[in-house]
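Read through the structure below, which is laid out as structure tokens, and then see the notes.
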Amino acid sequence: MTPRQQVINQHVNATTFLAIDNGYQITGVVTLDTAPTLVQSLPTTSGDLTIDLSDTGGSDSALLALLLAWVRQASKKNANLSCTNTPSEISSLIHLYGLESILSH
């Protein structure tokens, strides 16, 4: 972890939400156990948010539910949320449910 990174929330069953130089990153597997706590991790500042999902391999629909909750929170602040490095499993779910217009990835 570089000096500019900071842990936004404590580890939740080995899943962490970090501030990084160009946005935020989730590390670890997001599950039904970890998602509810992570929902509260989204920064309350205004402005668009980018979430790096490169280290979330093995996550399932719980990650998709978390992202949709964050999209709702961001839209209340007139902000956009976008994802980078989205795992193929999550990209498939986004496509399957027709959420491309809601979740840019």
Checklist line | Magnitude of the charge dipole, the chain, Cβ model with Lys/Arg +1 and Asp/Glu -1, debye to 20 | finding: 360 debye
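Give me the number: length gained by fully extending ALA69 to ASP33, i.e. 0.36 nm times residue separation minus the C-alpha to C-alpha distance, one decimal in nm. List each step's numbers first, then the result.
Values: separation 36, 0.36 × 36 = 12.96 nm, distance 1.52 nm.
Gain on stretching ALA69 to ASP33: 11.4 nm.
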Check: When the Kirkwood radius is taken over all Cα pairs of the range 6-96, what Stokes-Einstein diffusion coefficient follows at 10 °C and 1.306 mPa s, in µm²/s?
Finding: 122 µm²/s
Notebook entry, point to check: Separation between the THR50 and ALA19 pseudo-spin-labels, each 7 Å from Cα along Cα→Cβ, expressed in nm?
Noted result: 1.7 nm
Item checked: Unit charges at the beta carbon, dipole of the chain: most positive-side option, LEU32, ASN80, LEU67 -> ASN80
Next item on the list: For the range 6-96, calculate the relative contact order in percent as a whole number, restricting contacts to Cα pairs under 8 Å that are 6 or more residues apart.
Entry: 27 percent
Check: Just LEU64, LEU53, LEU32 to compare: in a GNM of the chain, with alpha carbon springs under 10 Å, which one fluctuates most?
Finding: LEU32
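Any read-out appearing in this document is the output of simple, stated calculations on the displayed coordinates, not a laboratory observation. What you are looking at is a predicted structure, and each value in this text was computed from that prediction instead of being measured. Note: ideal-geometry Cβ built from the backbone for every residue, glycine included; neighbour counts use all protein chains shown.
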